[in-house]
1. Assuming a viscosity of 1.002 mPa s and a temperature of 20 °C, what translational diffusion coefficient in µm² per second does Stokes-Einstein assign to the range A:50-215, Rh being the Kirkwood radius over Cα pairs?
2. State the percent of C-alpha pairs, over all pairs in the protein assembly as shown, separated by a distance greater than 63 angstrom.
3. Just want the ordering: B:111, A:473, from fewest to most Cβ atoms lying within 10 Å of their own Cβ.
4. Using the count of nearby Cβ atoms within 10 Å as a rough guide to exposure, how do C:187, C:101, A:235 rank from fewest to most?
5. Please name whichever of A:84, A:569, A:522 sits farthest to the positive end of the charge dipole of chain A, dipole taken about the Cα centre and charges placed at Cβ: Lys and Arg +1, Asp and Glu -1.
6. If you average 1/r across every pair of different Cα atoms in the range C:408-450 and take the reciprocal, what Kirkwood value do you get, in Å?
7. Would you kindly calculate the translational diffusion coefficient of chain C, applying Stokes-Einstein with the Kirkwood radius from alpha carbon pairs, for 10 °C and a viscosity of 1.306 mPa s, and quote it in µm² s⁻¹ without decimals?
8. Which of the aspartates and glutamates could a cross-linker span from residue C:21 if the Cα-Cα distance has to be under 13 Å and same-chain partners fewer than 8 positions apart are dropped?
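None of the figures in this text is laboratory data; all of them are computed from the coordinates on show. From a predicted model like this one, the values you see are computed outputs, not experimental measurements. Backbone-built Cβ (ideal geometry, glycine too); neighbour counts: all protein chains shown.
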Amino acid sequence: MESRNVRLDRLEKGGLQVEGLELTVGDIEREELWDEPAGPYHLPGIKDLRRWDHLLLGRYDSSYEPTRDVCDLCTFGPCDLTDGKKSACGLDISGQTARMNLLTTVMGAAAHLSHAREIVEHVIEKFGPDVEIDMGSKNDVEAPMVRVIAGTIPETVGDLLPVVEYCEEEMNHLTSATSTMQEGSPLEFDSKSLHAGMMDNLALEIADIAQISAFDMPRGDEDAPLAEIGMGTMDPEKPVVLAIGHNVAPGTSIIDYMVENGLEEEVEVGAVCCNAHDMTRINPHVNVVGALSKQVKYIRTGAPDVVVIDEQCIRADVLEECRKVGARLVACSGQAVHELQDVSDRDPGDIVEMMVDGEDGVFLPEIEKVGEVAIETARSVYEDRLGRKAIPEVDELQGIIDSCTECGRCDRACPEFLPITDAMVDGMEENGGDWSGLEELWDRCVGCTRCDEVCPVMDPMSVQETASEHRWKTERNVVRTGRGPINDTEIRNVGAPIVLGEIPGVVAFVGCDNYPDGGRSVAEVIRDLAERNYIVLTSGCSAMTAGDHTFEDGQTVYEMFDGRFDKGCVSNVGSCVANAHIVDAALKIANLFANVPLRDNFEEVSDYVLHRIGAVGVCWGVYHQKALAIANGAKRWGIPVVQGPHGVKFRRQELGRPDLDERWVVNDANRDYEEVQIEPAPEHLGYSAESIEEMAVMAVKLCMRPNDTRQGRMIKLTNYIDLYRKYFDEYPSDLARFVRHEKEVPLTEREEVMEVLEDRGWEPRETPNPTMLREEDRLI
Amino acid sequence: MTQAHSPGNVRVKPGADLNGAMLGKLLNRPGTLFLVGSQWKELPDGVLEPLVDGGDVILTGSANPPVEKVARMGVSEACHLLCSEGSLGGEYGQVVFVGIPHHIATGMLSKLKHYSDATAISLDRGFQPDANLAFPNLSREDWEEELGEAVERRSA
Amino acid sequence: MAFEDIPVDIGAVYEGQRIRKGDYRVELGGKKAPGAELVRARGADEVEDGRVEVIGPDIGDMEEGGTYPYGVYIEMAGEDLDRDLESVVERRHHEFTNYIDGAMHLNQRDAIWIRIDDEAFEKGMNSLEIVGRALIELFKLEMDYIENMQVTFYTDEAEAENLVERAREIYEERDARARDLHEEDVDNFYGCNLCQSFAPDHVCAITPDRISLCGSITWFDARAAARVDPDGPYFPIPKGENVDEEHGEWTGVNEAVEERSGGVHDRIWLHTVFDNIHTSCGCFEALAFYMPEVDGVGIVDRDYSGDTPYGVSFSTLAGQAGGGKQVDGILGIAVEYLRSPKFLEADGGMERVVWMPEHIKERISDAIPGELVDKIVTEETTIDVAELREELESRGHPVSERWFEVTDELVERAVDYIRSTGGKVKPAEAAEELGIDRDQFMELVKELKKRKILA
């Protein structure tokens, strides 16, 4: 035996390291699965994806809509840029407008990126860097964007830090590019806007996968629980803690303290905005008060004893509003401090005492203390608070309404031009005292308080609030809690129905609730599309809007439709940062169906998405720069975005030119990359619609892609025609552009349509294997 | 619906505000394109038809008034084509906004101001500084009166 | 327009419409009343085009909110029609009924369940005649080989029962015929390139013994579709010569795949998980995967979310197989393919299958030979490959006979050989020297390690 061992030692040294010997199928290591070839774009810098941007922007014109004629960013200025004049630094109106779009995108992306860093650091501080990134057993590709952009498979939350650092470096370059006398070309500014958008999307993914992993949020839950939403969900007779903002860290502290001390029955915890989504993802018993528009409205009811703010979408006058009702404010993030005293080094008990003694707010970045401070303060002060509010009593309302001077300033101040004066006049005693107009405003009001600022005699927003009191006091609907990622298995499940023409597309309703005419119509479009078998996704404030309206049987869309990623389903991915999963679903399709390598392969992945995946983002109530950043990211990945009329204030749309055939030429990978004509699909990359009806029609139209199968195109055209008729009462005049084969014309009108098309000289066209890239640029 | 003054930009041509008499005259110019949007119902009954008479009409958004149109497209699309000479299939020296929601109209008027030679007129109730001519912020009654006068002028 | 005298709208946009409890005027078939759909091809003179007959109470006569029997008997005639198209046409009855605004059709065959909503009724949809006319119009528009069509509805209990009974016999007949039709019996296979929309290199070869990977398209379906739409996504593949009977290699398939994949693939074996295996798109229902440790094949489907004995989940495995690539050892399949008599014929068929999720085993239990039923392991017993091996051995699964045994004699010979080479060993040479194959040599090395002969 001895001699054998000696021999075999030698043997080892001699190299019996047989190739493949160590690889047994049973224990495939993660890295071994990462046998993808790598593309050329590892951690792409500000200049590296220009070719792709130029291809995109060569097809889609940047349509500039300046909001200012002058530039006043440096002391040469202000410079007048009208009539083709250039500024003192040599920039023209296009350059300046593109630059402002970039600056706005950078602002939005920075908010998300800063959020991502804070979450990652918080997780590392709380649990250590080795928290495993786990998106559940149905998700093999945990972080598609990290894979594409950073070319790495993050295994732990700690692995995300270098990616955050990369984003920060890029964001610094991008910010630099907005400074005076740097970039001079509008096209290059636009390219940088797309780059900033991509950084934004990557930051979203980092933040969400970190918090899902650390806080055990749903991992692709196809039947995520329903949470209550509405201003009537919390019992104001109990101690009430209201969280505002986007960073869930303080929220986790509140939930932990509540649960650990068994206070679920005694204390009401709720939130507005994305925090509400993320807190319900941890504990569905947290109440969702509503979207951003409910922030001031809810504080003014006097219900909150303590308001906890972290970062983003917090009104600048939140402290003032809290003071009006005696609510204590706890600020937790350096992003929004409001001149409050830093009490990090004090004991929670002392801080509670301070606030009970009358301190109206504290700055408490020690997250672990927030839960105890907020809840114990609320428990101590709530009895004194009962009865306080910042809106008029019902019995004094008539007198206030009657004092209206009918000056019309409120109407002009209102960002949605709501007919406030008309409603006031109808509500006057002398006119019969009909308050229904004020009540109706309640549904449409975005809660900005601009009417209050200009009204010489009252706070019109509070007047409508009291007039609708009987409604919001009992307002309790449901919203599906954020499910997180779209599962690989769900994506596989929809592959066949998409190519067989059973699913016409994916429409994601994302972003803020700055709706031009209330949110009800958004919920209606969501229902309509789900009934038409679209896969409907929601996120952020839009997801709340969807749950805030009921239909027949008193049901919301979340009760009417399942929460899967499937035809005719409506699923909420979660907060703003969960928007990443919508883009990720598209990347997964590329990876799962065509094996397009993700690793460092941005261009090829996006080219695939643009030409093949019939997904559209809708941001009907766009208000924040973050919404622009998300949208610009989506566009770079090849996903078109439709915005509401406020979208033009971001100064740029990306419009296709269906009238120019030369813009719609691609290479056909099945025919040696020869150039072939395609239809204008998707027709636009960034579009602002003036009415909700136009938005719905455009959204379904933008679901078309040049790779659509005939059955797929047929169902897309069927819906396009039907919605066009429903809302415009006529036949779409551009139908001929999208029909490649007569089988694509809806069955019920095939004969008539074909007659018309043939009269116009229509000819059938083949479906190519489309790409804007050349063979040598691709890995597959 | 009252519409707001938008403080973003300086006026193209500081000077007189649009009024009904002036409008009646202007609308008789050849090469006038009307962009009629989804809020056309804000106009008093029976006013739109005589106002747009003789001009080309593009319907935008979900507008469906009883007037003959040359096309339907998004207001963004129409304005984009207007800024690319000859792309809209007509020579339009004058573009008139009717019933276009205020915000998107503001963006489009700014676009036309910077990128097109056409004269832009807004008939809507809120002041639009980026239009060559627009009504000042008017009460509904005053606005309806001005529009009525424009119609009268046209037929005179 | 063809539907102008129909009081409700007709179109694909209504397919997703649901009619909830409380919203319907009447409910037909379903769990509470008999129902069936049956399509038959008849002679031209036996079918009166456009005729609709209702036997039993019509919608207008039915009690509001009531449930009634629903037999739908559709007869069609046409020069190019044959029996094999009946089931293809019949399957569209579901879709076309759903095209009617205010009608909802669920399930199929003798499980159909229809609801007509109040709103449609108010609009004048008070007779099944209207439904019948709409169906005839839709069928004839979509399938131009249907020249004449007539529809009879049975809402009378006894008559409906009668139809259900007749339909069941015919379903069975048809299923038997489909089961009995094999690759040898036909001239053409069919191809489908729908998935090229997302997986540009993938071509699905569909034969009577091999349903499409997504489980949606049978040979009959593909044939019918190719006939209606000759330049559509389904195309005949003249099967050519069976050059490799063992693996299911046909010259026609090779040529078609080469042409349609842009030359990426040129050789396909239809019934194996090894070497020139069929490509996998992305929407396959299940995977067959080879596990060398047990020399057997496992099956896993999309609905199974746990790990497999392969050490990974469906998602991970699928990630390696998809995208129109030929990946040795991992094959995308439809669950229905497990019932095919040619299922992985080259690899030993069901006898080679060692593991599958319990719900799949239940679903296809009728297709597993009796003696194998208890020998195939599921996740309820183990998802660990070593345990699986022990389990297979103790259950006497046929694959255990294939296992290579490392005898003491072989160990001696191996050690001698290694000694003779002075320690520099190339696996291929060593295997040849020892009279075993390469994989077996690997196993031998493992055994040597286990016995601490190798460190």
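1. Numbers: Rh = 17.5 Å.
Diffusion coefficient, whole number: 123 µm²/s.
2. The proportion of pairs with Cα distances above 63 Å equals 17 percent.
3. Ordered by Cβ neighbours within 10 Å, fewest first: A:473, B:111.
4. Lowest count first: C:187, A:235, C:101.
5. Of the candidates, A:84 comes out farthest on the positive side.
6. 10.1 Å
7. Details: Rh = 25.3 Å.
It comes out at roughly 63 µm²/s.
8. Of all the aspartates and glutamates, those that pass the test against residue C:21 - Cα under 13 Å, at least 8 places apart if same chain - are A:552, A:553, C:64, C:117, C:118.
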